[in-house]
Structures are given as structure tokens and as C-alpha cells.
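Student: Here's a structure for you.
The values are calculated or read from the model by the stated rules, or taken from the named source; none is laboratory data. Here the structure is a predicted model, which is why all the values come from computation and not from measurement. Here the Cβ positions follow ideal geometry from the backbone for every residue, glycine too, while neighbour counts run over all protein chains shown. Areas reflect the complete protein model, heavy atoms only, side chains present, ligands, DNA and RNA absent. Shrake-Rupley method; radii C 1.70, N 1.55, O 1.52, S 1.80 Å.
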Amino acid sequence: MKLHLPPRVSPQGFAAALKAYAGVVGKDWVMASESDRDAYSDIYAPGDAAQWAASAAVAPANVEEVRACLRLANEHKTPLWPVARGKNLGYGTAAPRMAGSIVLDLGRMNKIIDIDPKLATCVVEPGVGFFDLHDAILRGNHPLWMSVPGNGWGSVIGNALDHGIGYTPYGLHARNLCGLEVVLPDGDLLRTGMGAMSNNPAWHHFPFSYGPTFDLAFTQSNLGVVTKAGLWLQPAPEASLELIFDIPEEGDIGWVVDTIAPMKISGLIEQNVFIPSWLGKMVLKGQRHDFWDKPGAIPEWRVAELLKQYKLGYWQVALRLYGEEPVIKAKAEIVKAAMKRHLAAPPQENWWRQGDAIGQYEITMGVPSAVPLQMSDWIGGRGAHMGFSPWCRPAASMCWGSSNAVARSLPTMTWISTPASPSAGALPTTSTC
């Protein structure tokens, strides 16, 4: 990609800025070639990717280098676009919102600083991915579960700062943040909450301090660069039960949401609920041409054939309950009774108890996976994901997948949760995972 200079920065000024950044991070970690700029572009951009072209990227190794980079950004008037791992494919990957910005790549800062198995917390740097943290928990034999998004290759911190979600009781990731280390736009360092006191052991265990609480001010904002964060994890439960309901008709989604929402709001169902359509299942069984090789949307009569052939409902509701087995059984009876008012068929029941193996695709049990990326291969070749993100109180933390035939029959996901939006400032700090 050709060079797009930062706004109001001359070629000579830009060269001087890169030389100054190299003096901080080392010349190997200032990336300004054409291929480097390609690596930080948005290959999924709906229009011309040059609208969001980076001029270069700088990769600091520690918080002091981040502070120095922020000071240089002010001195040389070069806007920075911080990313943790640059893997938020749905919101621009690593590409900056303002063309010509320098990407501040925090991927080298990938230390897992602490895991506390007793109080169920961890402290990580931005470059730590979900697979990294999951592997560390397994290696340490810690009785902890993570919450992971649909595609688990991004940054743990980056996903939380971008208001990412998972599918366990800890699925609202920003709510699990506790205690941030933040470099402010002028290079000053801020530690939120109890971190304002040196070596306070409560920093990542207790979210409040005296006065205002600032953690969420640094989510989806350009107020600073988060270089370290505490995150609450889920203690591994004694048991878990998955209830799978196949919902036969497209129009049934109304009573499904009306039935589940009160149980979610009351806390009976703790997890974030995901309701995929039949298409969300078919994309894992093959490509579109395996089921329909003609132009246009798959007709309803063919959909009916596929549902019958693969023994699928139009929708599927998979609810997972967590905790002590007697409590789970009591909750399950309430859920089954509520669903039975509309659905005669009983659910499939899958029990897990401590000591049982956990499958590699169990995102509702905190196992990271990249399998959902297979959706983008539905038509073969380069695919895409279209999102529509409304929010409404009764269905908060619920989402369902639509089967509308759009974008060449790609599966369209309808997320019922708080929508993410890019920051508008010159120093966005939570742009990508």
C-alpha cells in the first residue's frame, strides 16, 4: 500500500518522527515499508482500504517505551492508533480510523503477569491472546474458566476494552476488568482503583477506591493506552448442564426470546445466550454449493428439505447452567417447564462434572476456538460477515443468527447487545483486539 502521510505532517517531518521512534523501540520495530503497511490494512474493508491506511507501525516492548512513544507522538504531531493484536476482524482489524496514523502495535507486550487461582483473577498485558491465557491456566492446573468470544485468536484485554462478549456467566468482558495501568496521551502513567497505592494487593480484586472509578472510561475510548489490566475469571463449577432445544419454525423466535428474556433478567440463566439459525449449523457441514448450487437465495422448500435431512430446527437454543448439581437440576426444571409451554419436544441434556473432559469447541465452557471463521467460507474464497447491532433492554446479552439471504447468501448475525463503534479521536486506544 502506498504511503499516506499523517495529516499536516511533511515527508521530512515523518522521516524525523520514525527515526525518533526507532531510538525508543529499535529500528527493527519501526515498520514502514509498503509490505508493512499492507500487513496493517483492513483486507475486509467494504470500500477502498486506502481510506484506513496506516503510514507505519511501531511496536514497543514495555510500558516505558509506550510512554516514550506517546511523548514523541505529541512532539512530532503523529497520531497513534493502538492495537493489541489487531484481530478484531469485524471492526477494522489493525487498520487505523484516520488514514496516515501510525499503528502502535502492543503485540510484543505479551506477559501473563499473574494468575490467582484462589481469588480467580489474572493480570495480563495487551498482547496476551485467549489461547495464551487458556494454555497457561491448563499448564498450572488452575481451577478456573475463561470467557471467550466466538473467535478466540484476539487479545484478552483488547476484546474487553472493545466491549467484546463471550457465552458464560462472565461473558460481558468489560465488566470483568479490575485495575488498569494506562499511559495517558501526554505520556503520564495512571493506575486505576487501588493501583494508585504502591503494591496494594487489592488492586485487581476490588474495583473501587476513594472517589470516581475510571476503568470503563478507557473502554472504547481514546483517553489513554492500556498497558496492563486485571481480569476476573470464573471459578470452575462443580457441574454444568447444557439444554439444547431445537425450535422448528422461523416465526418461533418471538416466543423464544419472550420466554428466555425473563429468566435471563432474573438471573436464573446466567450466561449470554446465543440462538443460531439453521444456517449457522449448515456452514459447519460444508459449503453452499454442497446444498444449493444455483444463484439467489436458497428457497424455502430446499431449506425444509435440509432441516429434515439433518434433523435440525429452524433455530437452536443451547442453554448452559453452572454450579452445584442440585441447584442446576432445580433451575433446569424451571427452564424446561417454561419452554414446554410452547415446545412439546424435550431438550437434549448434556451433563459435565468436575473430572470430565471438556471438548475443544466448548466456548460456553471457556475454551477458545477459531471454528466460527468457517462461516466466511460458506460461498468459498473471500467471505465477509454483516452485522446489525441494535440494543433493547429485555433481550440484553442475547443474540440470534438470522437466515436472511443477503451478501450472496452469507449467514447474517443479528447481535442483541450493546453495539461497538470506532472512536473518532486521533488517539483511539481500544480499536482492535
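Student: Any idea how far apart GLN354 and LYS2 come out in nm if each label point goes 7 Å out from Cα toward Cβ?
Tutor: 6.4
Student: Run the numbers on the range 192-313 and let me know its relative contact order in percent, using alpha-carbon pairs under 8 Å that are six or more apart.
Tutor: RCO, the range 192-313: 18 percent.
Student: Return the single residue from PRO82, PRO262, PRO201 with maximal mean-square fluctuation; model: Gaussian network over the chain, springs between Cα atoms under 10 Å.
Tutor: PRO201
Student: For ASN141 and ALA304, compute 0.36 nm times the residue count separating them, minus their Cα-Cα distance, and round to one decimal in nm.
Tutor: Result: 54.1 nm gained on full extension.
Student: Which of rounded, prolate or oblate describes the range 301-387 when judged by the alpha-carbon gyration tensor and an a/c cut-off of 1.5?
Tutor: Since a/c reaches 1.5 but b/c is at least a/b, the shape of the range 301-387 is classed as oblate.
Student: Here's a follow-up. Separation of the range 221-237 and the range 1-69 by C-alpha centroid, Å?
Tutor: Here the two parts' Cα centres lie 26 Å apart.
Student: To test your reading of the geometry: what angle, between 0 and 90 degrees and rounded to tens, separates the Cα axis of helix 253-266 from the longest principal axis of the chain?
Tutor: 70
Student: Check which residues have an amide H placed less than 5 Å from GLY313's amide H, if you skip close sequence neighbours.
Tutor: Close amide H contacts, sequence-distant or interchain: ILE247.
Student: On full extension of the chain, what length is gained from LYS118 through ALA338, given 0.36 nm per residue of separation minus the C-alpha to C-alpha distance?
Tutor: Gain on stretching LYS118 to ALA338: 75.6 nm.
Student: Set the Förster distance to 25 Å, then compute FRET efficiency between LEU189 and SER10 from the Cβ-Cβ distance, nearest 0.05.
Tutor: According to the calculation, E is roughly 0.20.
Student: Need the full-extension length gain, TYR361 to TYR210, defined as separation in residues times 0.36 nm minus the C-alpha distance. One decimal, nm.
Tutor: Result: 50.1 nm gained on full extension.
Student: Using a ≥ b ≥ c from the Cα gyration tensor of the chain (square roots of the eigenvalues), is it rounded, prolate or oblate, where a/c under 1.5 gives rounded and otherwise the larger of a/b and b/c decides, a/b for prolate?
Tutor: oblate
Student: Determine the shape class of the range 230-286: with a ≥ b ≥ c the square roots of the Cα gyration tensor eigenvalues, call it rounded for a/c under 1.5, and otherwise prolate if a/b is greater than b/c, oblate otherwise.
Tutor: Oblate, since a/c reaches 1.5 and b/c is not below a/b.
Student: Under 5 Å between amide hydrogens, which residues at least 5 positions from ALA53 or on another chain qualify, with H placed 1.01 Å from N in the peptide plane?
Tutor: The answer is ALA99, GLY100.
Student: At 222 nm, what helix-only mean residue ellipticity would the chain give, in deg cm²/dmol to the nearest 500, using -39500 (n - 2.57) for each DSSP H run of four or more?
Tutor: -7000 deg cm²/dmol
Student: Counting only DSSP beta bridges with both residues in the chain, tell me the antiparallel percent, nearest 5.
Tutor: Antiparallel bridges make up about 80 percent of those DSSP assigns within the chain.
Student: Mind giving me the FRET efficiency for ILE43 and LYS294? R0 is 25 Å, r the Cβ-Cβ distance, nearest 0.05 is fine.
Tutor: Here the calculated transfer efficiency is 0.30.
Student: Roughly how tilted is helix 63-76, in degrees to the nearest 10 and between 0 and 90, from the longest Cα axis of the chain?
Tutor: Orientation of helix 63-76: about 60 degrees from the principal axis.
Student: Something else about it: Tell me the relative contact order for the range 285-382 as a rounded percent, counting alpha carbon contacts under 8 Å between residues six or more apart.
Tutor: 30
Student: Oh, and also: How many percent of the accessible area of the range 207-292 is carbon or sulfur, using a 1.4 Å probe?
Tutor: Solvent-exposed carbon and sulfur of the range 207-292 make up 58 percent of the total.
Student: Which whole-number value in Å² is the accessible area per residue of the chain, probe 1.4 Å?
Tutor: So the chain comes to 46 Å² accessible per residue, rounded to a whole number.
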